[in-house]
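Just so it is clear, none of the values below were taken in a lab; they were calculated from the coordinates. Everything numeric here is computed off the predicted structure, so don't read it as measured data. Positions of Cβ are backbone-derived with ideal geometry, glycine not excepted, and every protein chain shown enters the neighbour counts.
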Amino acid sequence: MQFIDLEAQYKHLKQRIDKRIFNVLTHGKYIMGPEVKELEERLADYVGVKHAITCANGTDALTLSLMALEVKEGDAIFCPTFTFFATAEVVAFAGATPVFVDSDVSTFNMCPVSLEKQIKRTIDEGKVKLKAIIAVDLFGLPANYPEITKVAKKYGLKIIEDAAQGFGGEIKNQRAGSFGDIATTSFFPAKPLGCYGDGGAVFTNNDDYAELIKSYRIHGKGLDKYDNVRIGLNSRLDTIQAAVLLEKLVDFPNELIARNDIAKKYEEVFSCYFNTPAVPFLFKSSWAQYTLYDSDSDSIRAVFHSNSIPTMKYYPTCLHEQTAFKYLNYAENDFPTAKLLSNQVFSLPISGYMSNENIEKILSSCILFD
Ligand SMILES: *Cc1c(COP(=O)(O)O)cnc(C)c1O
């Protein structure tokens, strides 16, 4: 069994994907070809926003968002410490200061209470200016936007939704990618909607941000490609990746149903043994990962592995403990919940094309923990 079986998915969609790729090879518009525009229209439609702007990867999508918000040195950007490195990396890369926030123990997402605490601490210290929040839809579950938005309004902060793992999630029928002022996603192969290489996108309803991001992603272009009006990036989505994504997006709703079915079965069986992930009322997860935690996670993982069931540990090190962020001078125990999760979490295989045989094998392994 593989942790993520990308081959099974390709087999299922092979004819349509091959045809799409062949079309690109035939028309030869490898950069910003017609598939890119078509995909952007479909993505905006799916997410329910005015603008979807594709780019080279999910990290650049975040960087482009920070550029649109004019984030610079002296700005404080609040983000979770229990997430993938890129969420805070882009903040430091922009010259701004990441201010870490603890997690909620049941959803694994940013804790709104800890967020407000960190905002107040930052105001008291008076060293950096409040600017924005990057909330992460960790493991597929949208962050608590209803509460985070209240805090953001109270302190005049912008919100960026990092939906790299959240694409396909929902709160009250509103889709991930539409929360906050700007949202981003990643099409890295292992994400809920993945391509066959690197890719990303930015979503917004704000026309001004959209114009800026379209310029920044192509060397800060003006009306003409060789009229550069600002310093930007080279961050476009390849036409071939757009072609792949167009076909994958067609099947994505079915994949989500399959993932949710598996998650439901895991919950039924494993909640008797481990701490299973909570999905709050009216929230929907895209199940980028099915992540549980237990104080004995290392030996539990060993049992799974000895039965040929792969597991992964996302993420073993919180960002405030990463070597690259040592300069921020956090103490190991500043974020007790994030610390507990980073010690105890493990993820089980979940994907839209898992065989019933593999699902049954994982479910029946519960007897090993009786
Ligand atoms: C994967 C990921 C990113 C970065 O996406 P890339 O496409 O790999 O650059 C950013 N944030 C989160 C939460 C991620 O999981």
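Take every pair of alpha-carbon atoms less than 8 Å apart whose residues are at least six positions apart; their mean separation over the length of region 212-347 yields a relative contact order of 17 percent. Taking each residue as 0.36 nm, the span from Ser106 to Lys225 lengthens on full extension beyond its C-alpha to C-alpha distance by 38.0 nm. Would you please classify the overall shape of region 101-239 from the alpha carbon gyration tensor, given that a ≥ b ≥ c denote the square roots of the eigenvalues, rounded means a/c under 1.5, and beyond that prolate means a/b larger than b/c while oblate covers the rest? Since a/c reaches 1.5 but b/c is at least a/b, the shape of region 101-239 is classed as oblate. Distance from the alpha carbon centroid of region 255-286 to that of region 193-240 works out to 36 angstrom. Taking the chain as a Gaussian network of alpha-carbon nodes connected by springs under 10 Å, the highest mean-square fluctuation of the residues Ser286, Ser65, Ser235 belongs to Ser235. The charge dipole of region 1-150, taken about its Cα centre with unit charges on the Cβ atoms of Lys, Arg (+1), Asp and Glu (-1) only, comes to about 300 debye. What does the C-alpha gyration tensor say about the overall shape of the chain? Classify as rounded when a/c is under 1.5, otherwise prolate if a/b is larger than b/c, or oblate. Oblate. The alpha-carbon of Lys265 sits under 24 angstrom from the alpha-carbons of these lysines, leaving out residues fewer than 8 places away in its chain: Lys172, Lys191, Lys284, Lys313, Lys361. Hey, how many Å between the Cα centroid of region 70-135 and the Cα centroid of region 1-55? The distance from the Cα centre of region 70-135 to that of region 1-55 comes to 33 Å. Between the listed residues Cys366, Val47, Pro336, the Cα displaced farthest toward the positive end of the dipole of the chain, a dipole computed from Cβ unit charges relative to the Cα centre, is found at Val47. Measuring r between the beta carbons of Leu368 and Gln322 and using R0 = 35 Å, the FRET efficiency lands at 0.55. If R0 equals 45 Å, the separation of the Cβ atoms of His27 and Glu357 corresponds to a calculated FRET efficiency of about 0.65.
Relative contact order for the chain: 22 percent, from Cα pairs under 8 Å spaced at least 6 residues apart, divided by residue count. Counting pairwise Cα distances across region 234-370, what percent come out greater than 24 angstrom? Tail of P(r) above 24 Å: 46 percent of Cα pairs.
Of Val101, Val151, the sequence from fewest to most neighbouring Cβ atoms within 10 angstrom is Val151, Val101. Calculated mean residue ellipticity, 222 nm, the chain: -13000 deg cm²/dmol, from DSSP H runs (n ≥ 4) at -39500 (n - 2.57) each, averaged per residue and rounded to 500. Counting charges near Thr81 (Lys, Arg +1; Asp, Glu -1) among other residues having Cβ under 15 Å from its Cβ returns a value of -3. When the label point is put 7 Å from the Cα of Asp208 along its Cα-to-beta-carbon vector, which residues of region 43-76 have a backbone N closer than 18 Å? So the set is 50-51, 64-72. Taking a straight line from the alpha carbon of Lys154, these lysines sit under 16 Å away, with near neighbours fewer than eight places off in the same chain left out: Lys117, Lys120, Lys129, Lys131.
In the chain, taking the dipole from charged Cβ atoms about the Cα centre, the farthest positive-side position among Gly222, Asn109, Ala242 is held by Gly222.
Tell me whether region 298-355 comes out rounded, prolate or oblate; compute the Cα gyration tensor, take square roots of the eigenvalues as a ≥ b ≥ c, and use a/c under 1.5 as the rounded threshold. Since a/c reaches 1.5 and a/b is larger than b/c, the shape of region 298-355 is classed as prolate. Roughly speaking, what % of Cα-Cα pairs in region 72-111 are separated by over 14 Å, rounded to a whole number? For region 72-111, the share of Cα pairs beyond 14 Å comes to 43 percent. Charged side chains reduced to their Cβ positions (Lys and Arg at +1, Asp and Glu at -1) give the chain a dipole of some 640 debye around its Cα centre.
Dipole magnitude for region 215-370: computed about the Cα centre from +1 point charges on Lys and Arg Cβ and -1 point charges on Asp and Glu Cβ, it is near 640 debye.
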